[in-house]
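Input: a single structure, listed below in structure tokens.
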Amino acid sequence: MIELLLIEDVDNLGKRGDTVSVKAGFARNHLIPLHYAVSVNADNVKMVEKRRVAWLAEEAKLIEELQELASHVAKLDLRIVTKATDQGHLYGSVTAKDVADAAAASGVSFDAKCVRFQGDLKEVGDYEVPVRLHEQVNVTIPVRIRMEGNEDWVPGDRSAAEPAAAAEPAPAAEPAPAAEPAPAAEPAPTEDAPPAE
């Protein structure tokens, strides 16, 4: 393991100015060549301490801007209409990019990487989708996924027409079965006819 001093924020590792311990290969092949970190020595520690005040000011300004964006994101009520089966299963899925695109169409833009649901959405329904603009700025937005052609229907919702009922005309009422004719009465024996045995 090697100790490094981060000069950029690295997801799941640390923030600028943090001292982290990582595997040698990760340090040599990723962090150092991409200028995310430097080795820990007296000169680099002094350099980071000088930059820390500027970084804190940048961070405070960024958080303020993102909180303003979050106030607009929180007002969103997204509706995504897509093709689905009569049972509400989507043909395909709604991804983080679809959510970010729907938000952009509503006038609020953010990176699809900020959308934090696990997996993609594959059913018609209402969802609360977490959006993480910054580690200190999180917001949840409602996303309503609807079926193309029957946008009022949600599985389990009996107030709207079922998709099959909306797609097919109601069957015509069947006519009542005709009454069966009454059995004919046996004719009365006549004098000419031999009696029935």
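The values are calculated or read from the model by the stated rules, or taken from the named source; none is laboratory data. Keep in mind it's a predicted model, so treat the numbers as computed, not measured. Note: ideal-geometry Cβ built from the backbone for every residue, glycine included; neighbour counts use all protein chains shown. In case anyone asks, the SASA skips ligands and DNA or RNA and just uses the protein heavy atoms, side chains included. Shrake-Rupley method; radii C 1.70, N 1.55, O 1.52, S 1.80 Å.
Quick rundown of the values:
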item	result
Selection count, region 1-16, where residues are in contact (Cβ under 8 Å) with a residue 12 or more places away in the chain and either among the basic types (Lys, Arg) or surrounded by 18 or more Cβ atoms within 10 Å (Cβ to Cβ) (or both)	6
Matching residues in region 17-55 - criterion: being open to solvent by less than 50 Å² (accessible area, probe 1.4 Å) and either closer than 17 Å to Glu135 by Cβ or in contact with a strand residue (DSSP E or B) (Cβ under 7 Å, 6 or more places away or on another chain) (or both)	Gly17, Val20, Val22, Ala24, Ala27, Leu31, Ala37, Val38, Asn44, Val48, Trp55
Test: residue in region 67-78 that is surrounded by 14 or more Cβ atoms within 10 Å (Cβ to Cβ) and over 30 Å from Lys122 (Cβ atoms)	yes
Residue in region 33-63 that is nearest to Leu121 (Cα to Cα), counting only those that are among the hydrophobic types (A, V, I, L, M, F, W, C) and in a loop (DSSP other than H, G, I, E, B)	Leu34
Count of region 79-127 residues which are open to solvent by 70 Å² or more (accessible area, probe 1.4 Å), touching a Pro at 6+ places or on another chain (Cβ under 6 Å) and within 13 Å of Glu148 (Cα to Cα)	1
Residue within region 64-72 that is hydroxyl-bearing (Ser, Thr, Tyr), out of contact with any Gly (no Cβ under 7 Å at 6 or more places or on another chain) and assigned to a strand (DSSP E or B) present	no
Residue match in region 145-161 (condition: modelled with pLDDT of 90 or more and either open to solvent by 70 Å² or more (accessible area, probe 1.4 Å) or not charged (D, E, K, R) (or both))	yes
Qualifying residues in region 1-18 (those that are among the aliphatic types (A, V, I, L, M) and in a loop (DSSP other than H, G, I, E, B)) - the one nearest to the chain's Cα centre (by Cα)	Leu13
Filter result (on the phi > 0 side of the Ramachandran plot and part of a helix (DSSP H, G or I)) within region 73-99	none
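Residues checked against (1) touching a Cys at 6+ places or on another chain (Cβ under 7 Å); (2) more than 30 Å from Val139 (Cβ to Cβ); (3) modelled with pLDDT under 90:
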{"position": "Asn29", "(1), (2), (3)": "no, yes, no"}
{"position": "His35", "(1), (2), (3)": "no, yes, yes"}
{"position": "Lys46", "(1), (2), (3)": "no, yes, yes"}
{"position": "Ala54", "(1), (2), (3)": "no, no, yes"}
{"position": "Glu65", "(1), (2), (3)": "no, no, yes"}
{"position": "Leu69", "(1), (2), (3)": "no, no, yes"}
{"position": "Ala74", "(1), (2), (3)": "no, no, yes"}
{"position": "Thr85", "(1), (2), (3)": "no, yes, yes"}
